[in-house]
Every structure is written in C-alpha cells, then in structure tokens.
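Asks: Sharing a structure with you now.
The values are calculated or read from the model by the stated rules, or taken from the named source; none is laboratory data. No experiment lies behind these values; they were computed from the predicted model shown. Neighbour counts run over all protein chains shown; Cβ positions are idealised from the backbone, glycine included.
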C-alpha cells in the first residue's frame, strides 16, 4: 500500500512539474496561472495535432498534415523554451500568434475542401484573453476576426477559394463574437476578483504585522516591569522585609530589586516635629 501511495505521489509531482514548468506551488499566483494554462494548452495540442496529422495523412490531405506537424514541432519548441526561461509573456504571445496562423489556415482550407475544421477558431478568443489579458487579447482576437472577414469576402473573387454559404459566415461571426464577449467578461471579473483578493491580503498582512508589533511591545513591557504580589513579611519594629530565602532587607532595597520604583528621602510632618521641634510647622519640609 505504501509503495502505491509513493507511486501516486510521484506521479502527481511529475504532472505538476510538467504543467508548472518546474515552478513551486507557492509561486506568484498570476504567473503560475498563465504558465499552467499555457502548458495545459500544449498538452492538449500535442494530442490533438498528432491525431489530426495521422488522419490527414491517411486521407491524403498532405498539406494539412504538414501544417499540423509544423505546428506540433513549433509548440514543442515553445514548451521547452518556457520550461527553461519561465518567460510566460513571450511564450504566450508566440503561442497565440502560432494558433492564430493555424486557425486562419483552417478557415482557408475549409473553404477549399468544404469542411468545417475552421470551428477550431472558436477557441482563439478564449486562449488569447486568458493568456494575454483583456487588452492585448482583445487586439489579437479582433485582428483575427478582421482577417477572417476579409477571407470570407475574398473567397467570392479568388479562384482557388470556394465560397462559403453566407449564412455559415454570419453564424461564425456571431458565435465568435459571443465567445469573445463571454471570455472578456470572465477575464475582467477574474482580474477584479484577483485585485480585490490581493488588496485584502495586503491589508491582512499589515494588520498581522501591527498585531505582532503590539504583542512584542507588550512583551517588552512585561519583561521590563516587575510586579510585587502576595503577602510580604515585614518587621513590625524596623520595617525590614524578609525575602523568600529568609534574608531581611530594607524596604527601599527590596522595592528597588523587585520593581522599577526608586526612592527620594524626606520627612513627614510627625517626624519633623519630633526631630526638629523648634522648626515652625509652616516652614517648608525638606525633601
């Protein structure tokens, strides 16, 4: 049973190492999210493209097979580049550009062979916005849509392109824009939630730091202050105090030792009259 648990733990660690490019789980959450998403896209793309490449070759669609294989090799290169450099920004941008070129090829190739493989273009807005953010993601998403619209217009005038039915092109545009808007709102909400969470985390860290400082200050005060507690044995005649070891001390010495208090000497009115009977009571008592 223990061997099985070890094997399961090792598999999980290996899986995490692959999709995180070797980064630990406590790394910056935003960077980790983009790297994991990019690597997950790689894993799915490797499987899908390998299948597509075999199918295209078996059906003698050699051009499509070559494009699938080229994209497969290109993504492998980015995968190892990301793992080595951890540069998720450049890797994400290269992935989106490569995916955009592949989807545009699918749009053109679909027109030639009258197939529906260009439906893979619908994943483009999702990946562009999730990997590049709302600003750059929107730019590449709308740029891709603009090029697709030009292809749809050109297929009525270019000889080697077969025109798509107008209703299919309208449906494609409507679905593409819908997916883009959904992805845009999702990314905006996620970003706002992340910013709010970061703000709350920062405030919580500040509160914890203040609390720790206050605790340390109180601890320092406790360490500096000694409090006299309990019943103190005191001589009824000389007023000396007996400590817990049986030794007798003057009151001043005992209090100085067991507290932060100190003494200054003077005479009370009764002692003043007893020691200096000739001094008027109105005279100022020396301290």
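Asks: Mind listing just one residue for me: the one in the stretch 102-118 that is part of a helix (DSSP H, G or I) and out of contact with any helix residue (DSSP H, G or I) (no Cβ under 8 Å at 6 or more places or on another chain) and, of those, modelled with the highest pLDDT?
Replies: Looking at residues that are part of a helix (DSSP H, G or I) and out of contact with any helix residue (DSSP H, G or I) (no Cβ under 8 Å at 6 or more places or on another chain), I get 113.
Asks: Quick check on the stretch 14-25: of everything there that is in a loop (DSSP other than H, G, I, E, B) and touching a residue at least 24 places away in the same chain (Cβ under 8 Å), which residue is surrounded by the most Cβ atoms within 10 Å (Cβ to Cβ)?
Replies: 21
One line per residue, one yes/no per condition, for (1) out of contact with any strand residue (DSSP E or B) (no Cβ under 8 Å at 6 or more places or on another chain); (2) modelled with pLDDT under 75:
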position	(1), (2)
233	no, no
241	no, no
247	yes, no
276	yes, no
279	yes, yes
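Asks: So which residues in the stretch 160-170 are more than 13 Å from residue 145 (Cα to Cα), free of Cβ contacts under 8 Å to residues at least 40 places away in the same chain and surrounded by 10 or more Cβ atoms within 10 Å (Cβ to Cβ), if there are any at all?
Replies: The answer is 166, 168.
Yes/no matrix, rows are residues, columns are (1) more than 23 Å from residue 174 (Cα to Cα); (2) surrounded by 13 or more Cβ atoms within 10 Å (Cβ to Cβ); (3) in the same structural domain as residue 174 (by TED's automatic domain parsing):
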| residue | (1), (2), (3) |
| --- | --- |
| 44 | yes, no, yes |
| 50 | yes, yes, yes |
| 59 | yes, no, yes |
| 71 | yes, yes, yes |
| 84 | yes, no, yes |
| 87 | yes, yes, yes |
| 95 | yes, yes, yes |
| 100 | no, yes, yes |
| 124 | no, yes, yes |
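Asks: With the requirement that a residue be surrounded by fewer than 18 Cβ atoms within 10 Å (Cβ to Cβ), farther than 15 Å from residue 129 by Cβ and in contact (Cβ under 8 Å) with a residue 24 or more places away in the chain, what does the stretch 26-41 give you?
Replies: Within the stretch 26-41, 29, 31 qualify.
Asks: List every residue pair whose Cβ atoms lie under 9 Å apart, where the two residues are 6 or more positions apart in sequence or sit on different chains, the first residue falls within the stretch 127-152 and is not assigned by TED's automatic domain parsing to the domain that holds residue 180, and the second residue, located anywhere, is part of a helix (DSSP H, G or I) and modelled with pLDDT under 95.
Replies: From residues that are not assigned by TED's automatic domain parsing to the domain that holds residue 180, there are no pairs.
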